[in-house]
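A short write-up of the structure that comes next.
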Ligand SMILES: Cc1cc2nc3c(=O)[nH]c(=O)nc-3n(C[C@H](O)[C@H](O)[C@H](O)COP(=O)(O)OP(=O)(O)OC[C@H]3O[C@@H](n4cnc5c(N)ncnc54)[C@H](O)[C@@H]3O)c2cc1C
Ligand code: SF4
Ligand code: SF4
């Protein structure tokens, strides 16, 4: 007897560590699963009914973004955006910009240039959508450790209540249920795998296809479990059991975009002093503290299936004080942005696609070179992994392989160390344990650089430099 698709999903994706907790399997019609935060603070689906007992939507394996069935990012994007120009790192792109929203306080209140919320507000104002689905802080009295959730807005004022970047678990099952129950035209924000899942759901579900008119992709390094917010807040003086809210992107006067502030809020209304991320343990993104394991098997940085992708313009000329990189794939979005520029409401400069890709160089390297090595390791261990658009490979220099191994190990270690810290009420033990790993990581980075320099020098004098050996 063949396994029920929901059981297969649970066995292969969830138990395999490939579930990003998007909630779409709980959003298919008559789903037997519900989303819950697991003991490590990651949203995961749990079976609440026997899938074989009732009439469920058996196409769930074509919806979940981490299975081996259904269309991949290339299939989805080509059906949506071809014949726009395409490249392997950016995906399809009609136009690429860097800049910010010049009007109102979109930029001051935004994560980077305030472009995401400007676009959401403009889609509403121009009558292109009726409602916006975006992430916002949970109500202060909400039970449970999830500090962010998807909410629905139908006014520009409502759009302004959306959160800055939420490095925190969110899931979409209730948002999708809302769409099903309320006819209208929607725009939704999401990290790349969430948008891929929405696009796959739209292929199997005509109601979603008809109602979700636009998608705004949030360029993504990786997603964090609740431990990330809790560990930062604890370092700011607010222990996990008192934490009620966090702002990961407080803009600090006189600081550059890289020097983001973090502010934590306690249930009794207290706010911590904002502190610059570089002063807090676990905030350097490549370390991967509290990273969902699914993110180790992701190959889409720039939300290739979204109508538009927004991220931080990490380029020397733009890191000053909040600039977005914007990759536009659909014509109505291009028109909105061009009109906004012409009216002086946006300060956007056209940038070369190479420069747009360069803003995400680290993320792309990890999701190409790093992923190829992780796929190799997974295959060597005889484990299944979701099909990826990257070929498995072991062709990396030793320090680089060590680095990618650490990027898999540190997330696990941070989650385990924090679990222990919570039980023992010992923040300092957690910090001590994790500093050992960050020091090791930094050492391996230095070794890699030294090796790369040595290989280059030897090559210059004609000794031993093997072309094609990649160092970092
Ligand atoms: C988990 C995560 C990882 C990221 N990694 C990178 C990266 O590697 N490189 C990079 O350049 N940028 C990354 N970003 C994006 C960046 O931090 C900003 O979110 C982006 O530049 C948009 O800024 P803005 O000023 O245009 O957005 P704003 O105008 O401030 O609007 C932000 C919008 O994003 C929505 N939002 C916030 N968090 C989430 C979320 N978790 N899921 C769905 N929607 C959300 C909000 O509801 C709001 O509508 C990441 C963001 C997140 C959430
Ligand atoms: S990734 Fe999303 S759809 Fe797939 S199992 Fe996890 S929650 Fe369900
Ligand atoms: S890194 Fe990839 S899998 Fe992880 S949250 Fe971002 S888009 Fe999803």
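The values are calculated or read from the model by the stated rules, or taken from the named source; none is laboratory data. Please read all numbers here as calculations on a predicted model, not as lab measurements. Cβ placement follows ideal geometry from the backbone for every residue including glycine, while neighbour counts extend to all protein chains displayed.
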Is one or more of the residues making up the range 89-97 in a loop (DSSP other than H, G, I, E, B), within 16 Å of ligand 3 (Cβ to nearest atom), under 25 Å from residue 308 (Cβ atoms) and within 19 Å of the chain's Cα centre (by Cα)?
-> yes
Would you point out the residue of the range 67-87, among those that are within 16 Å of ligand 3 (Cβ to nearest atom) and over 20 Å from residue 209 (Cα atoms), that is surrounded by the most Cβ atoms within 10 Å (Cβ to Cβ)?
-> 67
Mind checking which residues of the range 39-87 are assigned to a loop (DSSP other than H, G, I, E, B), closer than 26 Å to residue 389 by Cα and touching a residue at least 40 places away in the same chain (Cβ under 8 Å)?
-> 42, 63, 64, 65, 66, 67, 68, 70, 71, 72, 84, 85
Positions within the range 206-222 being more than 16 Å from ligand 2 (Cβ to nearest atom) and either farther than 23 Å from residue 332 by Cβ or assigned to a loop (DSSP other than H, G, I, E, B) (or both), in sequence order = 219, 221
Only one of (1) assigned to a helix (DSSP H, G or I); (2) at pLDDT 95 or above fails for residue 387. Which number is that?
-> (1)
Can you give me the number of residues within the range 3-20 that are touching a helix residue (DSSP H, G or I) at 6+ places or on another chain (Cβ under 8 Å), farther than 16 Å from residue 412 by Cα and either touching a residue at least 12 places away in the same chain (Cβ under 8 Å) or within 16 Å of ligand 3 (Cβ to nearest atom) (or both)?
-> 6
Scan the range 342-377 residue by residue and report those that are within 11 Å of residue 390 (Cβ to Cβ) and touching a helix residue (DSSP H, G or I) at 6+ places or on another chain (Cβ under 6 Å).
-> 370, 373, 374
Candidates 310, 319 - the one that is under 30 Å from residue 94 (Cβ atoms) and more than 16 Å from the chain's Cα centre (by Cα) = 319
Going by the conditions given, is residue 82 assigned by TED's automatic domain parsing to the domain that holds residue 333, more than 28 Å from residue 29 (Cα to Cα) and at pLDDT 95 or above?
-> yes
Meets criteria (surrounded by 18 or more Cβ atoms within 10 Å (Cβ to Cβ) and within 16 Å of ligand 2 (Cβ to nearest atom)) for residue 399 | no
